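The next block holds one structure in the form of structure tokens; read it before the comments.
The values are calculated or read from the model by the stated rules, or taken from the named source; none is laboratory data. Computed from a predicted structure; not experimentally measured. Don't worry about glycine lacking a Cβ; one is built from the backbone with ideal geometry, like all the others, and counts go over all protein chains shown. Side chains included, ligands, DNA and RNA excluded: accessible areas come from the protein's heavy atoms. Shrake-Rupley method; radii C 1.70, N 1.55, O 1.52, S 1.80 Å.
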Amino acid sequence: MLQALAGQLLVGLINGSFYALLSLGLAVIFGLLNVVNFAHGAQYMLGAFVAWIGLTYLGIGYWWALVLTPLVVGVLGMVFERLCLRRLQGLDPLYGLLLTFGVTLVLEGLFQNAFGISGNSYPVPSLLQGGTNLGFMFLPRYRAWVVVASVAVCLGSWLVIEKTRFGAYLRAGTENPPLLQAFGVNVPVMFTVTYGYGVALAAFAGVMAAPIYQVTPLMGSNVIMMVFAVVVIGGMGSILGSIVTGLGVGLIEGLTKFFYAPAADVVVFVVMALVLLLRPAGFFGRSR
Amino acid sequence: MTDAGVPPAEVLHVTGLHAFYGESHILHGIDFHVKAGEVVTLLGRNGSGRTTTLKAILGLVSRRTGSILINGREAIGLPSHLIARLGVGYCPEERGIFASLSAEENLTLLPKVGSHGMGLEEIYGMFPGLNERRKSPGTRLSGGEQQMLAMARVLRTGSSLLLLDEITEGLAPVIVQTLGRVVRRLRERGLTMILVEQNFRFAAPLADRHYLIERGRITDMIPKDELERRVPEIHGFLGV
């Protein structure tokens with residue numbers, strides 16, 4: 001009994017780690033650029049595939065992939081921001097959503113065409129194979145690593161945003177980009193860097209997910225719906241809110257699986273609907 | 001456009017400035033200039049285009065045409081962050097204090113754009129209230145404190161041309177007096193200032209020249225020495 005509960009909570013915590021990483025990137029991008037980055041799931045999938053392709057064709061291992069993949073995918077994101085998203089600035093955010101949705105369909109189509117729909121497996125790195133018996137449950141080492149690494153990256157990002165000069169620019173830019181630019185800050189470059197960072201976070205999550213889930217072209221679509229629910233619950237544009245809500249939603253999902261499994265897939269959306277009714281700006285959000 | 005023909009003492013020279021918000025055409029050919037060390041006001045009724053003139057200088061409108069020479073450099077085609085770096089400091093009408101930043105973060109946020117910026121100590125000397133509130137979130141400050149902060153942060157950047165939009169609006173008389181003293185001190189330091197003011201009594205003794213704006217055009221210029229004689233005319237113009 002306890003074992004089953006602990007098992008579901010661990011699964012919830014791991015899912016929650018991915019939700020937190022992904023919703024953090026979405027929140028940062030939405031906050032500054034006012035873009036609902038629908039391509040976030042595809043960029044997460046891209047991260048997993050770049051790592052898998054690196055391993056399969058180039059022999060680049062997990063640890064290098066963990067560093068290189070966010071860089072590669074982040075730079076692709078920056079190019080995309082410069083060439084495409086920038087042209088939609090000042091228009092209704094709906095246009096950005098449509099563009100990124102379109103990019104998602106294109107990316108998923110290309111990868112299905114090239115690699116098929118069935119999943120590719122990515123081995124757990126040798127350092128993190130095996131696990132520890134905690135008495136009440138067995139804790140696979142890789143899963144513990146995922147939780148620790150995600151929380152560390154999320155908290156690190158939060159510290160950068162709260163404590164550094166770039167973070168202060170980011171917070172100020174989230175409130176009023178034209179005014180910040182009129183004070184002499186190169187806001188267009190901030191847009192590019194911030195979008196690249198959000199995308200790099202998604203790619204980082206993708207690499208971490210590769211050994212746990214199958215690497216498939218549709219893996220992003222499966223997770224992105226949940227992540228959007230997380231962002232709505234936590235509040236659009238709230239950094240800490242998206243981290244806490246990401247982990248919380250994972251846990252709620254895990255608990256529901258234990259107590260009443262058939263409801264596990266809908267419980268998050270029920271919570272989302274309640275939040276929208278009672279606190280439309282989200283738990284941590286400010287209405288703008 | 002080149003630097004030629006503009007006397008070096010001119011900090012700002014605006015010619016034929018048109019500005020638009022979306023489809024609405026707000027400025028219809030503004031012409032004026034400001035010499036180094038001068039304090040100049042833009043007077044006019046609400047909606048005459050005073051605030052838009054400041055915003056157009058900074059590139060904060062959707063479209064603008066004409067010529068804006070800042071220290072002899074053409075700024076009409078520049079993005080706003082490069083205009084600021086020509087030494088232009090801006091106090092917006094709504095003060096523009098960032099709510100998610102503390103008072104001190106707000107104060108130190110802006111990049112330096114000139115070499116003669118004030119140090120924090122000097123600034124806290126000029127605005128003692130800010131020192132006590134340095135850790136407070138920007139929006140917890142009173143209106144007067146927010147206005148002091150908005151002034152203080154452009155002084156720290158070393159801007160040589162200050163665009164001050166309605167800095168006395170909605171503030172208690174004692175704070176207005178403090179701001180008057182600050183403007184005088186800045187003038188003694190040789191800063192160039194453009195004041196947009198509803199409060200003519202505040203602006204009149206501070207300024208060297210007054211430009212009257214009506215429907216997006218400069219209609220007249222009144223130098224200091226003609227001011228007393230023409231006060232009734234100005235009151236009529238402003239509708240007070």
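Structure notes:
- Considered as a group, the residues in the stretch B:15-41 that are among the aliphatic types (A, V, I, L, M) and open to solvent by 10 Å² or more (accessible area, probe 1.4 Å) include one that is farthest from the chain's Cα centre (by Cα), and that residue is B:Ile26.
- Search result, residues across the stretch B:83-106 that are closer than 16 Å to B:Leu12 by Cβ and either touching a His at 6+ places or on another chain (Cβ under 6 Å) or at the interface with chain A (Cβ under 9 Å from one of its Cβ atoms) (or both): B:Ile83, B:Ala84, B:Arg85, B:Val88, B:Gly89, B:Tyr90
- Of all residues in the stretch A:258-281, those that are closer than 17 Å to A:Gly248 by Cβ have Cβ atoms under 8 Å from Cβ atoms of residues that are aromatic (Phe, Trp, Tyr), 6 or more apart or on another chain, in A:Val275/A:Phe283.
- When B:Arg185, B:Arg153, B:Arg181 are checked against the criterion of being buried (at least 20 other Cβ atoms within 10 Å of the Cβ) and among the basic types (Lys, Arg), a single residue qualifies: B:Arg153.
- Positions within the stretch A:174-203 being open to solvent by less than 30 Å² (accessible area, probe 1.4 Å) and more than 9 Å from every other protein chain (Cβ to nearest Cβ), in sequence order: A:Met190, A:Phe191, A:Thr192, A:Thr194, A:Tyr195, A:Gly196, A:Gly198, A:Val199, A:Ala200, A:Leu201, A:Ala202, A:Ala203
- Scanning the stretch A:41-61 for residues that are of a type in the set (Gly, Ala, Ser) and open to solvent by 50 Å² or more (accessible area, probe 1.4 Å) yields a single hit, A:Gly59.
- Some residue of the stretch B:195-203 being open to solvent by less than 50 Å² (accessible area, probe 1.4 Å), among the acidic types (Asp, Glu) and part of a strand (DSSP E or B): no
- Flag for B:Gly44 being touching a residue at least 60 places away in the same chain (Cβ under 8 Å), open to solvent by less than 10 Å² (accessible area, probe 1.4 Å) and either over 27 Å from A:Leu32 (Cβ atoms) or facing chain A (nearest Cβ under 10 Å) (or both): yes
- Neighbours by Cβ (under 9 Å, 6+ apart or cross-chain): first from the stretch A:91-111, surrounded by 13 or more Cβ atoms within 10 Å (Cβ to Cβ); second of a type in the set (Ser, Thr, Tyr) and assigned to a helix (DSSP H, G or I): A:Thr104/A:Ser221; A:Glu108/A:Ser221
- Flag if A:Ile239 is open to solvent by 20 Å² or more (accessible area, probe 1.4 Å) and within 14 Å of chain B (Cβ to nearest Cβ): yes
- Only residues that are open to solvent by 10 Å² or more (accessible area, probe 1.4 Å) and within 11 Å of chain A (Cβ to nearest Cβ) were counted in the stretch B:53-77, giving 5.
- Picking from residues in the stretch B:125-146 that are under 24 Å from A:Glu162 (Cα atoms) and in a helix (DSSP H, G or I), the one that is farthest from the other protein chains (Cβ to nearest Cβ) is B:Glu132.
- A:Leu255 being touching a residue at least 60 places away in the same chain (Cβ under 8 Å), assigned to a helix (DSSP H, G or I), open to solvent by 30 Å² or more (accessible area, probe 1.4 Å) and more than 30 Å from B:Lys55 (Cα to Cα): yes
- A single member of A:Ser150, A:Ser118, A:Ser157 is modelled with pLDDT under 90 and of a type in the set (Gly, Ala, Ser), and it is A:Ser118.
- Test: residue in the stretch A:164-173 that is at pLDDT below 95, touching a Lys or Arg at 6+ places or on another chain (Cβ under 7 Å) and either buried (at least 16 other Cβ atoms within 10 Å of the Cβ) or not hydrophobic (A, V, I, L, M, F, W, C) (or both): no
- Qualifying residue in the stretch B:131-154 (condition: in contact with a Pro (Cβ under 9 Å, 6 or more places away or on another chain) and not small (Gly, Ala, Ser)): no
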